[in-house]
Amino acid sequence: MQIKNTLFLLMIVLSSMSIAQKKYNSILLENGFLHVGNGQTIETALVGIKSGKIVLVKNALAYTYKKEDWDTIIDLKGQHIYPGFVAPNCILGLSEIESVRATNDFDEVGTFNPHVRAQIAFNTESKVVSTVKTNGILITQSTPRGGIISGSSAVMFTDGWNWEDATIKAEDGIHLNWPRSIEYKGKKNENYESQKIEINHFFENAKTYALANEVEKSDFRLEAMKNCFVGQKRVYIHANHLQQILDIIDFVKKFNLKYPVIVGGYDSYLTTQKLRDAAIPVMLLRTHSLPENDEDPVNLPYQLPFLLQQGGVKFCIQNEGDMEAMNARNIPFLAGTAMAYGLTEEQAIQSISLNSCEILGISTSFGSIEEGKNATLFISEGNALDMRTNNVVLAFINGQFISLSNSQTDLYEKYSKKLKH
Amino acid sequence: MEESVVSYYLFENATIIVSPTKTIDKGSILIKGNEIIEIGTTITAPANTVVIDCKGKTIVAAFIETYTNVGLPEPSSPEFSFQPQMESSKKGAYYWNEAIHPETDPSLIYTINSKANDELVKMGFGIAVTHVQDGVSRGTGALISLGFTNENEQLIQPNIASYYSFKSGVSNQTYPSSQMGSIALLRQAFYDLQWYAHATKKDLNLSLDALDRQKHLPMIFATDEKWEVLRAAKIGDEFNIPFIIMGSGNEYAAINQIKNLKNHLIIPINFPAPYDVKNPLIIKDIPLADLKNWELAPSNPVILKENKVNFSISSFGNKNEEEFWKNLHKAIARGLSVSDALNALTLEPAKLLKIDHQFGTLEKGKKASFMIYDSNPFSNEAKLLEAWLLGQRKTYHTQPTHDITGKYNMLLNGKQYPFEITNNGGKIQLKLTSIKSNRDEKSGLIRKDTLYPVVFLQLLENDLTLQFNLEDDFFKGSVNLHAKVNSKLGIFEGDGFLPNGKWIQWSAIRNEKLETKTSDKSVQIENFKPNIWFPNMAYGLDSVPQKETIAFINATVWTNEKDSVLNNATVIVTNGIIVFVGEGFHPIPLNAKIIDAKGKYLTSGIIDEHSHIAISKGVNEFGQASSAEVSIGDVLNPDDISIYRQLAGGVTAAQLLHGSANPIGGQSALIKLKWGHSADELLIPNAPKFIKFALGENVKQSNFGDFNTTRFPQTRMGVEQVYYDAFNRALAYQTAWKHFKKLGEGQHSHHIHKDLELEVLSEILNGERFITCHSYVQSEILMLMKVADSMNFKINTFTHILEGYKVADKMAERGIAGSTFADWWAYKYEVNDAIPYNAKMMMDQGVVVAINSDDAEMGRRLNQEAAKSVKYGGMSELDAWKMVTLNPAIILHLDAKMGSVKIGKDADLVLWSENPLSVTAKVEYTIVDGEILYSLEQDEALQAKNEAEKGRIISKMLESTENGEAPKPFVKKRKRFFHCDTEGENGSSEENCH
């Protein structure tokens, strides 16, 4: 990497700070390989950043710029520029050490908790978050768990002073855990029908409340549901089995939900046409997972992104599961693996950037490197979807440099020194 | 008053199935009291003989049930507490562990349960051995007759056999908590007995006294699964006990191994019911293994027979006589001969129990326990008419002696009603005709409709009752009639009520006689060829895989040797060994399968140093702080789909480790991923011995809930002392043995107590067993190194070792290897300082480093995990690759045979589509010992085969339910995977706290 002198000094200062104190008013990234995030690439690109926005995206070979227009110019020859990757549907920031109860803030008591908000529990000082951003994940959907409706998630930057300034979108959606159709806690779920009815009743109440001109007494639960019917609040419905997915398609129609999302969607590949027709996008389960049934194709989870791409279903990749907070840093490699099973490199990138932002409802400002969008992006020395070459050397949130050190790099340096003696 | 009995009964004109090999067509049996006096074709009966005509009937010896708890109470659990119960709660001079209770003597608590007896008798059983189905050593069984009089008469012999199992039962004692723990516990009990039987100085132990008395009894071992049969047999071999093994019904799927056993089996015939297969969304989730077992289970008996395995049949698992006979007929339809079926129900169990001088056949001098059927029950759907149990009669069915079939004319209060009685294979039906006149509204004409009201008919001897509803020209309402039957004349005469409540006399006269139809209920032999896969489930192979001669040409080879990378190379494999590795042209054996690897990468197979796949019923024996006596090798499960999936990820060998729930865990199994082979064939021959140790939060039970606070240790301080204590005991044990061995010949008596735990710890002290220690933080790592230094043993590997980078210099000094995760952290407090640079930092200090999985999912992409060290710390690609191949081979002391592509080493090879560290690399071939166990091409074929097989069996299942088999609903079981801290036998899909 060739960095101009002024910047090189600056980097040293940056490494010890979270958000740089000094504001950079105009930054030009030149000659990097640009992965736009929407499937496009520019091999030798110019990306200009001013006041937190991307103001210029051009092919460097066909565009002449004036040096004096930029106070910082960084030459990225041989390096790759990516839009900030996204970790949707994650307890990141809500959990520090999974086995230590005191550090867990993602699962509230109760069955219908749409009023419970992840945003205000998001810990920007989390050590775990700091190790995730350093692999290029700059946006996360901080998501509660548990109950039937777990609560409202929030879309957050993975760097910030506090939850307030880390917020991209508060209460972006509620999370509905669809009952399991086949089994529940290892037994046949005899109550599937009644559980569906229970959900329907809640939604009927919520919809009536939402559409009413006036209500006698405000209800926080129903209030939190309101924008699912009259606004842009998403309804994230967590489900994997075909029976569930088919029922959800009906449910979405019945309540005329404008922004439904299926989260998980193991069986979604079996019904792509219906999902496409119903315009229901899927946040695909962690693709580094085992097939559900013995006879499923051994590599089925790896193939799912391609199968949805082929079926024309809008999807993104998430990583809910064991140790999901710390594992969020491996999301680029989930997308990378999908490349071996049919996705093109740019489709793979899109599945963890623009697609995610579209599903989250933030794509007008995030998810791709296009003029007018928010400058949340990063530079990697090599292919960021490959473990060997994902090496983030610069990252911007809101057009500002963020620190790329974390507790792990600190320990690395500290003990490297010790071992050298 | 005493019951009045005559002296003799003579059963004549019967078909007598004397024994499995002999039948008398028109024979007679003479019995007196409970004994058979004479059997033959011409018997002269003494004067005071009741003669019973058995014309057309079949007499069969009473079956003998060897696996039941009839007449015994269900074992109930002692008081439960959430606090772990370390000691036995049983008061008295008994064994230290509650699961070992050979002193249980069911004869002391046996009471006749008429209903339960009835169920068995209706199936044809007259004799049973009943035992309390609880615990590892369950006590004895009592021989009973299934009669109904009183216990004094029915209890034939207490303590006729003894019973064992792998299950600790209702005991709440923490140990054993796994099947391997049960195995170790039982073995230790037998060793304790060897010592106890001869020791002169000992405390009284009533359990061992009881076990000693049972040594010469038939010993019956209950199992739940085919591989458990082999496990039970293996314990028997160790102690020279020819266990009789109660199987589970899927032994056919391990027939190649089971046929080599000398053990006698008892097999259930509770064949699985078909699933309800109407909903495709549900069919989708039914595992092929279940479907295949449904189809094949009825062939289990005949397959065992064809392979010369001796077995008895138990009624275990059959709800009633209908189910039992239906299943027995299925087994016969699949080719089990009637004589073999009979033998398995009578003579064979009689011989096993050494009661064949009294039971098992119908011979002079034997006991009068037999059943009389209306036809041969093995080849027909027969009815049990009478059971004779030790000479006592119980009637179940009487054959109607009155044939009332025919066309009749009934006179009911002066009105005529014709009817017809038919007999269809014993089912008597009456078709009544009544006439109703209706006026047609349009034409005004009268139309006469013929009605056939439903008639309830019952005939008991010559008592006939009829009930029907009429709605015709004469009556409206219910008619209830009774009559005495004169079947010879064809006349019914009797009384009854009309709808108006009027009491009338009525009669009917037969005009014409009809034939009684005998429906064909004979058992048809099926033309069925069993199609058993290896293993018998999805992705199973048609036959056990064989070694092939294979030549890879034009390959890029990462050898892991000095030449490191070869281009355009040829690698040749024969007999499971690599015989050639080199660049350029080399003559290829004629019979070789040639694989063109142009543009592809050939490497040695991945070795997972830390895995928990292919283990059944418990990865942790957490019942005690030290469980060195347990061994993963005892409980291998070759049917785990994880084996196949990991082959698809290029894994060829693994160390299957005990979990991390105690400071001294159990012994490892070093296996190759030989899909399609048996449990024993997974084990690497002559592999070095390993044991798992563990430190930190898991062993001090930090994350096991608030009740688990009483087992020592609860702190890292305590963990250290567990080791000192254990090795101190081991040293004392060694000294005792040394002293013992110094004694001359003849002075030896068995007064040294063999202790399985201390045997294993001694192996460590002697340098014969290597330690793999689960570890996280530097304090505990340093502690164990110091304990080892001071007690003079070596630590081979620290596994997990996430703070290894802090003490890598100290590990290197001692030559201790590190096997770690690429980037895991933050799942518990002790991994707060874990960093992904760890592998590289340890390697830089000279530690041999491996990357392992500890996880069935990650195990199939260890190439990607290794690649992370290129990112974190800048390791070279070839070094990174060695962390999942050569280095684990070195760590496991297997590098003479594995870990690199070198002439003479095992042919464990993987062909990758590209650089194996690439995120897009795919496995194209995985070869283990020269057997192609995975390839893209074969995988596709197997998937197609899975689908076709599923479709075929589902159709068959549907057909069977259409033919009247009662279907059961499918309930999906969530697949569970073991991790380091998984407790219990069933695994858990809960949090992954490694």
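If you filter the stretch B:667-773 for chymotrypsin sites (Phe, Trp or Tyr not before Pro), then keep DSSP loop positions with at most 15 other Cβ within 10 Å, what is left?
On the way: sites: B:675, B:690, B:693, B:704, B:707, B:723, B:724, B:727, B:733, B:737, B:740, B:770; in loops: B:675, B:704, B:707.
Here the chymotrypsin sites (Phe, Trp or Tyr not before Pro) that fit, given the DSSP loop and packing criteria, are B:707.
By how many nm would the segment from residue B:153 to residue B:409 grow when fully extended, if each residue of separation counts as 0.36 nm and the alpha-carbon distance is taken off?
Details: separation 256, 0.36 × 256 = 92.16 nm, distance 5.40 nm.
Contour length minus Cα-Cα distance gives 86.8 nm.
Can you find, among B:800, A:416, B:710, the residue sitting farthest towards the positive end of the charge dipole of the protein assembly as shown, where Lys and Arg contribute +1 and Asp and Glu -1 at Cβ?
Farthest towards the positive end: B:800.
All other residues with a Cβ under 11 Å from the Cβ of residue B:716 taken together, and with Lys, Arg as +1 and Asp, Glu as -1, what is their net charge? Don't skip to the end; give the middle numbers.
Values: positive: B:700; negative: B:697, B:720, B:780, B:830.
With Lys, Arg at +1 and Asp, Glu at -1, the neighbours total -3.
Could you pull out the longest piece of chain A with no exposed loop GluC sites (Glu not before Pro) in it, calling a site exposed if DSSP puts it outside H, G, I, E, B and it has at most 11 other Cβ atoms within 10 Å? Write out the running numbers ahead of the final one.
Numbers: sites that count: A:190, A:214, A:216.
Here the longest segment lacking exposed loop sites spans A:217-421.
Taking neighbour counts of Cβ atoms within 10 Å as a proxy for exposure, in what order, fewest first, do B:935, B:660, A:51 appear? Present the calculation step by step, with values, prior to reporting the outcome.
Numbers: B:935 19, B:660 30, A:51 12.
Starting with the residue having the fewest Cβ neighbours, the order is A:51, B:935, B:660.
By counting other Cβ atoms within 10 Å of each Cβ, how are A:389, B:433, B:926, B:715 ranked from fewest to most?
On the way: A:389 18, B:433 15, B:926 27, B:715 11.
With the sparsest Cβ surroundings first, the list reads B:715, B:433, A:389, B:926.
Could you please rank A:238, B:101, B:658, placing first whichever residue has the fewest other Cβ atoms within 10 Å of its Cβ?
Values: A:238 22, B:101 25, B:658 34.
The most exposed by this proxy come first: A:238, B:101, B:658.
Considering the dipole of the stretch B:63-395 built from charges on the beta carbon (Lys and Arg +1, Asp and Glu -1) around the Cα centre, which of B:289, B:256, B:112 is farthest to its positive end?
With unit charges placed on the Cβ atoms, the residue in question is B:256.
Using only the alpha-carbon atoms of the stretch A:33-82, report the extent along each of the three principal axes, biggest first, to the nearest angstrom.
Between the extreme Cα coordinates on each principal axis of the stretch A:33-82 lie 31, 23, 18 Å.
For the charge dipole of the protein assembly as shown, defined by +1 on Lys and Arg C-beta atoms and -1 on Asp and Glu C-beta atoms about the Cα centroid, which residue among B:166, B:678, B:831 has the Cα displaced farthest towards the positive pole?
B:678
Show that you can apply the helix-only estimate: for the protein assembly as shown, add -39,500 (n - 2.57) for every DSSP H stretch of four or more residues, divide by all residues, and state [θ] at 222 nm to the nearest 500. Could you put the intermediate results ahead of the total?
Values: 36 runs with 359 residues, N = 1415.
Rounded to the nearest 500, it is -7500 deg cm²/dmol.
Counting other C-beta atoms within 10 Å, and keeping those with at most 13, which DSSP coil trypsin sites (Lys or Arg not before Pro) do you find in the stretch B:524-600? Before the final figure, lay out each step's value.
Numbers: sites: B:547, B:562, B:593, B:598, B:600; in loops: B:547, B:562, B:598, B:600.
The qualifying sites are B:562, B:598.
About its Cα centre, what dipole magnitude does the protein assembly as shown give when the only charges are +1 on Lys and Arg Cβ and -1 on Asp and Glu Cβ, stated in debye to the nearest 20?
Working: 142 positive and 166 negative charges, 188 e Å.
Dipole of the protein assembly as shown, to the nearest 20 debye: 900 debye.
Rounded to the nearest 10 degrees, what's the angle between the helix A:407-420 long axis and the longest principal axis of chain A, both from Cα atoms, 0 to 90?
That works out to roughly 50 degrees.
May I ask what percent, to the nearest 5, of DSSP beta bridges between residues of chain B are antiparallel?
Working: 126 of 185 bridges.
Percentage antiparallel, nearest 5: 70.
What list of ³J(HN,Hα) couplings, whole Hz, do you get for the stretch B:824-841 from phi and the Karplus terms 6.51, -1.76, 1.60, once you set θ to phi - 60° and write x for glycine and proline?
6, 5, 6, 8, 8, 5, 6, 10, 5, 9, 5, 9, x, 7, 3, 4, 5, 5
Could I have the simple spin-label model distance between residue B:50 and residue B:440, label points 7 Å from Cα toward Cβ, reported in nm to one decimal?
In this crude spin-label approximation the distance works out to 6.6 nm.
Of all alpha-carbon pairs in the stretch B:394-436, indicate the percentage at a distance above 13 angstrom. Could you put the intermediate results ahead of the total?
On the way: 566 of 903 pairs.
Counting pairs separated by more than 13 Å, the tail of P(r) holds 63 percent.
Do the alpha carbons of any pairs in A:133/A:414; B:55/B:122; A:188/B:868; A:417/B:672; B:55/B:488; B:57/B:484 sit beyond 31 Å of each other, and which pairs? Can you show the working numbers first?
On the way: A:133/A:414 21 Å; B:55/B:122 21 Å; A:188/B:868 41 Å; A:417/B:672 41 Å; B:55/B:488 20 Å; B:57/B:484 27 Å.
With Cα atoms farther than 31 Å apart: A:188/B:868; A:417/B:672.
Quick one: dipole size for the stretch B:193-327, taken about the Cα centre, charges +1 on Lys/Arg Cβ and -1 on Asp/Glu Cβ, in debye to the nearest 20.
That gives the stretch B:193-327 a dipole magnitude of about 380 debye.
Could you give the longest part of chain A that holds none of the chymotrypsin sites (Phe, Trp or Tyr not before Pro) found in DSSP loops with at most 15 neighbouring Cβ atoms within 10 Å?
It works out to A:162-421.
What helices does chain B hold that run 30 Å or longer along their axis, going by alpha-carbon atoms, with a Kyte-Doolittle average of -1.0 or more, using DSSP H for the helix calls? List each step's numbers first, then the result.
Details: long enough: B:716-742 (40 Å, -0.76); B:936-962 (39 Å, -0.97).
Helices passing the filter in chain B: B:716-742, B:936-962.
Which loop GluC sites (Glu not before Pro) in the stretch B:279-374, with loop taken from DSSP, have no more than 11 other Cβ atoms within 10 angstrom of their Cβ? Provide the component values of the computation, followed by the final result.
Values: sites: B:295, B:306, B:321, B:322, B:323, B:363; in loops: B:363.
Here no GluC sites (Glu not before Pro) fit, given the DSSP loop and packing criteria.
One quarter of the convex hull surface, Cα atoms only: what value does that give for chain A in nm²?
23.2 nm²
As a test of the definition: which semi-axes, in Å, follow for the stretch A:31-114 when you take the square root of five times each eigenvalue of its alpha carbon gyration tensor? Largest first, please. Kindly include the intermediate steps, with their values, before the conclusion.
Values: eigenvalues 355, 40, 34 Å².
Three semi-axes, in Å: 42, 14, 13.
Could you list the square roots of 5 times each eigenvalue of the Cα gyration tensor of the stretch B:63-395, that is, the equivalent ellipsoid semi-axes, sorted largest first and rounded to whole Å?
Result for the stretch B:63-395: semi-axes of 33, 26, 19 Å.
With a bin width of 10 angstrom, please list the P(r) values of the protein assembly as shown as percents of all Cα-Cα pairs, from the 0 bin to the one holding the largest distance.
Pair shares across the bins are 1, 7, 13, 16, 17, 15, 11, 8, 6, 3, 2, 0, 0, 0.
Where q = 0.11, 0.13, 0.19 Å⁻¹, what log10 of I(q)/I(0) comes from the Debye formula for the stretch B:454-608, counting one point per Cα?
-0.72, -0.83, -1.22
Which three extents, in whole angstrom, do the alpha-carbon atoms of the stretch B:606-897 cover along their principal axes, largest first?
65, 44, 40
Strictly over 20 Å apart at the Cα level, which of B:427/B:956; B:259/B:617; B:415/B:436; A:187/A:254; B:319/B:968 would you flag in this model?
On the way: B:427/B:956 29 Å; B:259/B:617 24 Å; B:415/B:436 13 Å; A:187/A:254 29 Å; B:319/B:968 14 Å.
Correct reply: B:427/B:956; B:259/B:617; A:187/A:254.
Between residue B:680 and residue A:420, what is the FRET efficiency for a Förster distance of 35 Å, r being their Cβ-Cβ separation, to the nearest 0.05? Let's see the in-between values first.
Working: r = 50 Å, r/R0 = 1.42.
For residue B:680 and residue A:420, the calculated efficiency is 0.10.
Using Cα-Cα distances under 8 Å and only pairs 6 or more residues apart, what relative contact order does chain B have, in percent? Show your work: numbers first, answer last.
On the way: 2346 pairs, mean separation 108.7, N = 994.
The value is 11 percent.
Given chain B reduced to its alpha-carbon atoms as identical point scatterers, what log10 I(q)/I(0) does the Debye formula return at q = 0.07, 0.09 Å⁻¹?
-0.75, -1.06
For residue A:274, project a label point 7 Å along Cα to C-beta. Then give me every residue of the stretch A:155-182 with its amide nitrogen under 19 Å of that point.
The answer is A:177-182.
Using the Cα centre of the stretch A:85-360 as the reference point, and only Cβ charges (+1 on K/R, -1 on D/E), how large is the resulting charge dipole? Debye, rounded to the nearest 20.
Details: 25 positive and 34 negative charges, 81 e Å.
Here the stretch A:85-360 has a charge dipole of around 380 debye.
List the extent of the Cα atoms of the stretch B:678-743 along each of their three principal axes, largest first, rounded to whole Å.
That works out to 49, 40, 16 Å along the principal axes.
All of the numbers you see were taken from the coordinates with simple rules; none came from a lab. Keep in mind that this is a model prediction, so the values were computed, not measured. Note that each Cβ is placed from the backbone with ideal geometry, even for glycine, and that neighbours are counted across all protein chains shown.
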